[in-house]
1. For VAL40 paired with GLU8, estimate the spin-label separation in nm (one decimal), with each label point 7 Å from Cα along the Cα-to-Cβ line.
2. Over region 3-68, give the accessible area per residue in Å² for a 1.4 Å probe, as an integer.
3. So, in nm, how far is label SER31 from label SER16 when the simple model puts each one 7 Å beyond its Cα toward the Cβ?
4. Just tell me which lysines come within less than 25 Å, Cα to Cα, of LYS5; anything on the same chain fewer than 8 places away is out.
5. Can you pull out the chymotrypsin sites (Phe, Trp or Tyr not before Pro) in the chain that DSSP calls coil and that have at most 14 other Cβ atoms within 10 Å?
6. Between the DSSP loop rule and a limit of at most 12 other Cβ atoms within 10 Å, which trypsin sites (Lys or Arg not before Pro) in the chain are left?
7. Determine the share of the chain's accessible area contributed by carbon and sulfur atoms, expressed in whole percent, with a 1.4 angstrom probe.
8. Scan the chain and hand back the longest stretch that contains none of the GluC sites (Glu not before Pro) lying in DSSP loops with at most 16 other Cβ atoms within 10 Å.
Amino acid sequence: MSVYKFIELVGTSTESWEKAAASAVEAASKSLRGIRIAEVEMLDMTVEDGKVVNYRAKIKVSFKYEKA
């Protein structure tokens with residue numbers, strides 16, 4: 001039997017939502033082992049002077065829970 005834990009993260013990018021989501025997964029993979037799935041929950045943008053300056057992706061990441 002396996003148990004998985006979920007956490008929420010927000011990644012940002014000046015280029016795209018895809019890169020924002022990927023940056024969150026890449027950052028999480030530096031401290032979490034066994035990331036299995038990343039689900040995009042919300043997409044939004046930061047706007048300044050009528051122009052998009054940042055794309056943000058809120059994601060939920062699951063990884064296998066390992067008992068300490």
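1. About 1.8 nm, to one decimal.
2. Values: 4900 Å² over 66 residues.
Value returned for region 3-68: 74 Å² of accessible area per residue.
3. Going by the 7 Å Cα→Cβ label model, 2.8 nm.
4. LYS19, LYS30, LYS58, LYS60, LYS64, LYS67
5. Numbers: sites: TYR4, PHE6, TRP17, TYR55, PHE63, TYR65; in loops: TYR65.
Within the chain, the qualifying chymotrypsin sites (Phe, Trp or Tyr not before Pro) (loop, at most 14 other Cβ atoms within 10 Å) are TYR65.
6. Details: sites: LYS5, LYS19, LYS30, ARG33, ARG36, LYS51, ARG56, LYS58, LYS60, LYS64, LYS67; in loops: LYS30, ARG33, LYS67.
In loop regions of the chain (DSSP not H, G, I, E or B), the sparsely surrounded trypsin sites (Lys or Arg not before Pro) are LYS30, ARG33, LYS67.
7. Working: 2660 of 5190 Å².
After summing per-atom areas, the C and S share lands at 51 percent.
8. Values: sites that count: GLU15, GLU66.
It runs 16-65.
The values are calculated or read from the model by the stated rules, or taken from the named source; none is laboratory data. Here the structure is a predicted model, which is why all the values come from computation and not from measurement. Here Cβ is always computed from backbone atoms with ideal geometry, including for glycine, and neighbour counts include all displayed protein chains. With ligands, DNA and RNA removed, areas are computed over all heavy atoms of the protein, side chains included. Shrake-Rupley method; radii C 1.70, N 1.55, O 1.52, S 1.80 Å.
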